[in-house]
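First the structure, in the form of structure tokens, and then the observations on it.
The values are calculated or read from the model by the stated rules, or taken from the named source; none is laboratory data. Note that this is a predicted model, so its numbers are computed, not measured. Cβ placement follows ideal geometry from the backbone for every residue including glycine, while neighbour counts extend to all protein chains displayed. What goes into the accessible areas is simple: the full protein's heavy atoms, side chains included, and nothing from ligands, DNA or RNA. Shrake-Rupley method; radii C 1.70, N 1.55, O 1.52, S 1.80 Å.
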Amino acid sequence: MSDTGRDSPGKGPGGGVEQAVFTGSFTQQEPLSNAAIGAALAVMRHGRLHRYNLAPGEAGEVALFEQEFAAFTGARHCLAVASGGYALATALRALGVGAGAPVLTNAFTLAPVPGAIASLGARPVFVETTDALTIDFADLARKAVQSGARVLLLSHMRGHVCDMDRLMALAADTGLAVIEDCAHTMGATWGGVPSGRHGIVACYSTQTYKHLNSGEGGLLISDDPDLMARAVLLSGSYMFHDRHLAAPPPAVLARHVAGTPNISGRMDNLRAAILRPQLADLGRRIAAWNERYRTVEAGLRSTPGLALIERPANEGFVGSSIQFRLPGWPAAAIEAVVAGCARRGVELKWFGAPRPHGFTARYAHWAWADPAPLPQTDRILSGLLDMRLPLSFSLEDCRLIARIIDEEVRAADGERAQGARSGKV
Ligand SMILES: *Cc1c(COP(=O)(O)O)cnc(C)c1O
């Protein structure tokens, strides 16, 4: 479906060998549909972009989007806001987390997650990572007791969902309220239950690289009326309580008015207008991502030295990105794979890089949070590679990408083995 050139020949590192090169873009998402563009034009023509600026009898795009997203997840309440990070901070505030409070969270996550904790003056307590790239339950149980935290901000990083039945049992035992960061799991499930429906509240992002694209944007869902009343008030609702179709009743909101500051961060009608048709189309997009994911995965199944992340049977994932490990590989050999793939147009992100590159920053880079060392996470991230799978890629693109990675890993693996035999490392 994309028109990027494919499989054009290139020069190998040795000079003579012709090698396949991929020329597609890893940052190019699908364009917006005509339905989304039409909805945006309608909002721009009438000019009522603010969510509370409504004509008589008009519900407004934001309120309708909230209602539709609540229905999509099965949650009673939904609030659309300015960003995913804002949604996380709002969830923390709505739960009463304050300055100085410890908040447990995954060490393997994206910077805005501990950033949301820090935005309240609270303190992130990072928990170890498993080989499956999910939170380590033993370390979580230990740190829940040690830290005295009341809240776990659980990040389903890169779309990997932990065993949510065990997680929720552990949270109940240790008295933790669970906020789910579903930035990478919109549309995913665990045991048939939508991701975001296990914890007390869940947050999503509609930033361009997530599963819905409005440039920036975020969502909160919850069944808890008091928590969501506080979230609506925090987002800056100016007493327009009746203009929320997926919020608790105005009487519940009224109970919280006096005690809740306005920390302005609403969504606008223009963004909601382009999100509604995308939400209606999400099923198709999820199927398309998963076909691409399974195609790349199949192409890497027999690559020596490479470990795929096996997906649990209970997990219904959305393969908008793929991760694999080169466990035990020295840094120089992984750098050779990343450089070899880059030379052939395949953008791999390495979580073990000494300095942060874009979203691949890891917990040790967040010096402001004064993180304690996490040897297990360090070991896993030192061999972890990550790749986006934008829907602008065709299945043929995915087969070529897998072939390039396979060839580059084999080449580096061969040199690694030779180096080991000649005692070089
Ligand atoms: C993108 C992202 C966020 C934050 O979302 P923004 O909308 O960019 O603020 C939070 N958590 C994870 C894991 C993310 O990838």
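If the segment from A111 to H50 were pulled out straight at 0.36 nm per residue, it would be longer than the present Cα-Cα gap by 19.0 nm. For the stretch 282-422, the solvent-accessible area works out to 42 Å² per residue, with a probe of 1.4 Å and every protein chain left in place. Sort out for me the Cα centre separation of the stretch 185-236 from the stretch 300-354, rounded to whole Å. Each part's Cα centre sits 29 Å from the other's.
Summing Lys and Arg as +1 and Asp and Glu as -1 over all other residues whose Cβ lies under 12 Å from the Cβ of R301 gives a net charge of -2. A prolate overall shape is assigned to the stretch 34-280, the ratio a/c of its alpha-carbon gyration tensor axes (a ≥ b ≥ c) being 1.5 or greater and a/b exceeding b/c.
Applying the Karplus relation 6.51 cos²θ - 1.76 cosθ + 1.60 with θ = phi - 60° to the stretch 42-52 yields 3J(HN,Hα) values of 4, 5, 5, 5, 8, x, 8, 7, 5, 4, 9 Hz, where x marks Gly and Pro. For the stretch 333-425, the list of trypsin sites (Lys or Arg not before Pro) that fall in a loop by DSSP and count at most 14 other C-beta atoms within 10 angstrom reads K424.
The fraction of accessible area contributed by carbon and sulfur in the chain is 55 percent, rounded to a whole number (1.4 Å probe; ligands and nucleic acids excluded).
Among the trypsin sites (Lys or Arg not before Pro) in the stretch 235-330, those located in a DSSP loop and surrounded by at most 13 other Cβ atoms within 10 Å of their own Cβ are R301. Taking the 0 to 90 degree range and rounding to the nearest ten, how far is the long axis of helix 395-421 tilted relative to the main principal axis of the chain, both from C-alpha atoms? Value to nearest ten degrees: 50. Would you tally the net charge around R410, using a Cβ to Cβ cut-off of less than 13 Å, leaving R410 out, and scoring K and R as +1, D and E as -1? In short, -3.
Taking the DSSP beta bridges with both ends in the stretch 109-241, the antiparallel portion is around 50 percent. For the stretch 34-280, the solvent-accessible area works out to 35 Å² per residue, with a probe of 1.4 Å and every protein chain left in place. Sorting T27, T90, T260 by solvent-accessible area of protein heavy atoms yields T27, T260, T90, largest first, with a 1.4 Å probe.
Going by accessible surface with a 1.4 Å probe and the largest first, I274, I117 read I274, I117. Backbone amide hydrogens, once placed in the peptide plane, bring N106 within less than 5 Å of V127, S155, excluding anything fewer than 5 places away on its chain. Take every DSSP beta bridge whose two residues both sit in the chain; close to 65 percent of them are antiparallel.
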